[in-house]
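Peer 1: Provided herewith is a single structure, encoded as structure tokens, for subsequent inquiry.
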Amino acid sequence: MSGRVVDEEGKSIPIVTIRLSGETTGTVVSDAQGNFSRSGLQGEVTLTATKSGYSMTAPVLVTGPRNDITFIASKDAPADYTVSGRVVDNEGRGIPVVTITLSGETTGTVVSDAQGNFSRSGLQGEVTLTATKEGYTITGPFTVTGAEDNMVFIATNDPPADYTASGKVVDEDGKGIPSVTITFRGDTEATTITDSEGNFSRSGLSGTVFIHASKAGYTLTGPITVKGADDDITFIARLKSTYYEVGGKAASIGRLPIEGVMISFEDDKGRIGTAFTDADGNFWKPGLIGQATVSAFLEGWLFTPETRVVNGTDYNLNFHGTPDPESAYQIAGSVVDFNGVAVSGVSIRFDFLDLERGPMYTVTRSDGSWTMDGLIGRVQITPMKNGLTFEPASQVAHMALMSMAFRVQ
């Protein structure tokens, strides 16, 4: 007898075992073309075809010579199996969140748990498993064709690549804050300071870095975590609600107090507050927050320094005033005796109380009158003549006056 083994499309199936049973026994194997043949049979014989992974058509009973025996082979569906294992580092510690990718006759992914374990069932046929995780080099891939419960991937940390982190510290209005300390902690440790515009930058960072910003008198957002290059880091700085007070004095070059000077306080948001000097030239301002620019103003006066900057309690916030030369004025008056008779030839002395400047003089006319212009600031006026005393002995003026009188006692 002879025949052939083929698949459902008529393609030859080699190495199929044809088992003979009955009055003649034995086996024969199909060749590369799926053909088989056996002579010397006697009596009634049953032929059964088998091959691992295949299902064959029913056994054939022969009782005499035949050359047309055909077996149809159908490939069996592959059996399911499970693969499990673990991802560990060089010291055997589990590595979590590693992606295991399956390719081949079964595809998909599985992720290692907190201890590095993974498992996948329902696999069929030949499957290749590849493990990946950012920042690691991992052994493998491994190929399986059946159940495996002890697969081990070894994960090694990649050396971290250097990167640069940069950004800006601003207030709530977007204005840059200078001189803020930027601290880097974690896999890289360093510090830097923001420039006049609030910008900062640090290169040579690696790994995971926590960035903190700090400055006295401010509360800042953060920290911020980076693991790679970032050029758009922003910290928001807010002034702490810490109130303080300041005080000082406005005085002339001659150390005389200047009353009524307006002291202005402007903060970094453009908000303005004021205080005024009293009769002793002193001023006091409570309730300030953050940094303030302070200036002094009084019509007819120039002050130095023009401005001062404060950001905390200060009781020595002084300004020195000089009369403005553009505000010169004139004074006129007269000298008479107790009977109202004009007194001529009296010297009138003018001492500049607010300036480091010598005195000026004039003399009463025949009608007892006198005049002096070009006066600046506060001036003390004193009449003088041998043998005479005057009431009052002197007077002080700071503005134009046309009727200053002195009387001989």
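Peer 1: Would it be correct to say that Ser52 is under 30 Å from Val127 (Cα atoms) and either acidic (Asp, Glu) or in a loop (DSSP other than H, G, I, E, B) (or both)?
Peer 2: Yes; evaluated as a whole, the condition is true for this residue.
Peer 1: Taking Glu306 as the residue in question, decide whether it is surrounded by fewer than 17 Cβ atoms within 10 Å (Cβ to Cβ), over 39 Å from the mean Cα position of the chain (by Cα), at pLDDT below 95 and not assigned by TED's automatic domain parsing to the domain that holds Lys385.
Peer 2: no
Peer 1: Moving on. Check Gly217, Gly260 and return the single one that is more than 41 Å from the chain's Cα centre (by Cα) and surrounded by fewer than 16 Cβ atoms within 10 Å (Cβ to Cβ).
Peer 2: Only one candidate qualifies: Gly260.
Peer 1: Within region 20-38, which residues are closer than 16 Å to Arg4 by Cβ and not in a loop (DSSP other than H, G, I, E, B)?
Peer 2: If the condition is that a residue be closer than 16 Å to Arg4 by Cβ and not in a loop (DSSP other than H, G, I, E, B), then Val28, Val29, Asn35, Phe36, Ser37 are the ones that fit.
Peer 1: Among the residues in region 72-83, are any in contact (Cβ under 8 Å) with a residue 40 or more places away in the chain and among the polar types (S, T, N, Q)?
Peer 2: yes
Peer 1: Looking only at region 228-268, count how many residues are of a type outside the set (Asp, Glu), within 19 Å of Asp171 (Cα to Cα) and either touching a Lys or Arg at 6+ places or on another chain (Cβ under 9 Å) or assigned to a strand (DSSP E or B) (or both).
Peer 2: Here the count works out to 8.
Peer 1: A further question follows. Restrict the check to region 164-186 and report whether at least one residue is more than 28 Å from Gln291 (Cβ to Cβ), modelled with pLDDT under 95, assigned to a loop (DSSP other than H, G, I, E, B) and not assigned by TED's automatic domain parsing to the domain that holds Gly270.
Peer 2: no
Peer 1: With the structure loaded, tell me whether Gly94 is at pLDDT 95 or above and out of contact with any Ser or Thr (no Cβ under 7 Å at 6 or more places or on another chain) or whether it fails that test.
Peer 2: When the stated conditions are applied, Gly94 passes them.
Peer 1: Within region 349-368, can you find the residues that are assigned to a strand (DSSP E or B) and either exposed (fewer than 14 other Cβ atoms within 10 Å of the Cβ) or without any contact (Cβ under 8 Å) to a residue 12 or more places away in the chain (or both)?
Peer 2: Hits for region 349-368 are Tyr361, Val363.
Peer 1: When region 89-98 is examined, which residues are found to be surrounded by fewer than 18 Cβ atoms within 10 Å (Cβ to Cβ) and either touching a strand residue (DSSP E or B) at 6+ places or on another chain (Cβ under 7 Å) or in the same structural domain as Ser52 (by TED's automatic domain parsing) (or both)?
Peer 2: Asp89, Asn90, Gly94, Val97 - these are the residues of region 89-98 that are surrounded by fewer than 18 Cβ atoms within 10 Å (Cβ to Cβ) and either touching a strand residue (DSSP E or B) at 6+ places or on another chain (Cβ under 7 Å) or in the same structural domain as Ser52 (by TED's automatic domain parsing) (or both).
Peer 1: Right, next: Has region 266-273 got at least one residue that is in contact (Cβ under 8 Å) with a residue 40 or more places away in the chain, of a type in the set (Lys, Arg) and surrounded by 15 or more Cβ atoms within 10 Å (Cβ to Cβ)?
Peer 2: Checked against the condition, which is being in contact (Cβ under 8 Å) with a residue 40 or more places away in the chain, of a type in the set (Lys, Arg) and surrounded by 15 or more Cβ atoms within 10 Å (Cβ to Cβ), region 266-273 yields no hits at all.
Peer 1: Scan region 333-348 for residues that are surrounded by fewer than 15 Cβ atoms within 10 Å (Cβ to Cβ) and either outside the structural domain of Pro392 (by TED's automatic domain parsing) or not polar (S, T, N, Q) (or both) and report the count.
Peer 2: Qualifying residue count, region 333-348: 5.
Peer 1: I've got another one for you. Just checking, which of Thr70, Thr109, Thr101, Thr130 is assigned by TED's automatic domain parsing to the domain that holds Ile15 and not in a loop (DSSP other than H, G, I, E, B)?
Peer 2: Thr70
Peer 1: Right, next: In the set Asp324, Asp267, which member is closer than 30 Å to Thr219 by Cα and in contact with a Gly (Cβ under 8 Å, 6 or more places away or on another chain)?
Peer 2: Exactly one residue qualifies, and that residue is Asp267.
Peer 1: One residue is enough: does region 385-408 have a residue meeting the conditions of a type in the set (Val, Ile, Thr), in a strand (DSSP E or B) and crowded, with 16+ Cβ neighbours inside 10 Å?
Peer 2: The answer is yes, given that some residue of region 385-408 is of a type in the set (Val, Ile, Thr), in a strand (DSSP E or B) and crowded, with 16+ Cβ neighbours inside 10 Å.
Peer 1: Here is a follow-up. Mind listing whichever residues of region 1-35 are over 15 Å from Val60 (Cβ atoms), β-branched (Val, Ile, Thr) and surrounded by 15 or more Cβ atoms within 10 Å (Cβ to Cβ)?
Peer 2: Ile13
The values are calculated or read from the model by the stated rules, or taken from the named source; none is laboratory data. Quantities reported herein were computed from a predicted structural model and do not represent experimental measurements. Every residue, glycine as well, gets a Cβ built from its backbone with ideal geometry; the counts of neighbours run over all protein chains shown.
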